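**Q** Quick one: structure below, then a few questions.
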Amino acid sequence: MIRRPLFFAILFVFAAHAQEAVTEAASDDSTEFITRAYHIPPTRFGDPFAEFQVPSADRGDEALPWARKVATEADTLEFFASTFNIDFPEGSRIRVLRATTGLTVILHNTRRNHERFQTILRLNGVWSANIRVVWRVVSMPNDVVDPLEREAGGDLDDETLLDLWKQGHGENLATQTLMSINGANNILTLSDEIIYPADMDTHGEENPQVIYGNFQKRDAGFILNVTPVIQPGFETISLTLLPEVVEYRGHLPNVPETLAPLSPLFRTLSYTGSIEIPNGGTRMVGMSNNHDGTHRILMFIGATAIEPDGTPVKPLDTGLFQE
């Protein structure tokens, strides 16, 4: 018998490294046959996979069908039918090719059976998808937010705050958008490099000259540090976030002119944490008053799973397995 748990463990080893190549245009008719090639590169092959990929007469049915010394097309059909719940109506075909670049599964079947195959791949993390992340920093007047909070008897929900911004009640301070592969850390920075001295010395008695030294630098601007992870089912996306807004405010007030370069003034708004949001949704992850208390500074984060061809990934349809 085929060891199905082993194969699912193997699929997990490939997490987020599968790529789909469409070799024939798909039809809207779920019963029409189409052909697609699914390529799985050996980015993270482990010992168990290597062991069961090596042809061996002693291993027999324990090896995957395409790794046996003697295996028929019926063995492969039986394996994919039982593991992926795929039907093979008359005229359908499947072929597995092994190479140093990984496995290529060529499936000629109906759209519905392709979707079943893709669903199982996704549920086991074997699917290529990008994630679009949008970070927005908004300044909103307190005289707009405060009356609504009093009326609501507490904090406003994310959708209400987002609607206020869409209606023009606030200034967009920054918007940063990036595309990431699943699970990768990304840093997107838009900033000015502020260079300032840390030391000062004077030379001369009659006409002393000030000499600055030991120069340092700091970035002032917007920094988005994010790691997005698509959750099983593609319904939600987890985000580990370290966004930061650094504002250069000049020099400390009321200091002698010669000391001003040594006293740069920065104001920082940052957030460190994790959040899970709906695929395609937007959530507020932080809010704070500005320095004079007249405005709220809000941070919104949105994330959408994107297919390699640029189309949004829809949540999985488990109804595909209902007859």
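The values are calculated or read from the model by the stated rules, or taken from the named source; none is laboratory data. Values in this document were obtained by computation on a predicted structure and should not be read as measured data. Please note: Cβ atoms are built from the backbone with ideal geometry, for glycine as well, and neighbour counts cover all protein chains shown. Quick note on the areas: whole protein, heavy atoms, side chains included, nothing else; ligands and nucleic acids left out. Shrake-Rupley method; radii C 1.70, N 1.55, O 1.52, S 1.80 Å.
**Q** Rounded to the nearest 10 Å², what accessible area does W165 have for a 1.4 Å probe in the complete protein model?
**A** 60
**Q** For region 194-323, what does the relative contact order come out to in percent, with C-alpha contacts under 8 Å and a separation of six or more?
**A** 19
**Q** Where the centroid of each part is defined by its Cα atoms, how far is region 159-200 from region 212-278 in Å?
**A** One Cα centre to the other: 9 Å.
**Q** Sort the following peptides by mean Cβ neighbour count (other Cβ atoms within 10 Å, averaged over residues), highest first: 84-90, 294-300.
**A** For the peptides 84-90, 294-300, the packing ranking is 294-300, 84-90.
**Q** To continue, here is another question. Could the peptides 154-161, 108-115, 188-195 be put in order, highest first, of the mean number of other beta-carbon atoms found within 10 Å of their residues?
**A** Ranked from most to least packed, the peptides come out as 108-115, 154-161, 188-195.
**Q** How would you rank 228-237, 197-206, highest first, on the average number of other Cβ atoms within 10 Å across their residues?
**A** Top of the packing list down: 228-237, 197-206.
**Q** What accessible surface, in Å², does a 1.4 Å probe find on E247, ignoring ligands, DNA and RNA and rounding to the nearest 10?
**A** Surface accessible to solvent at E247 totals approximately 80 Å².
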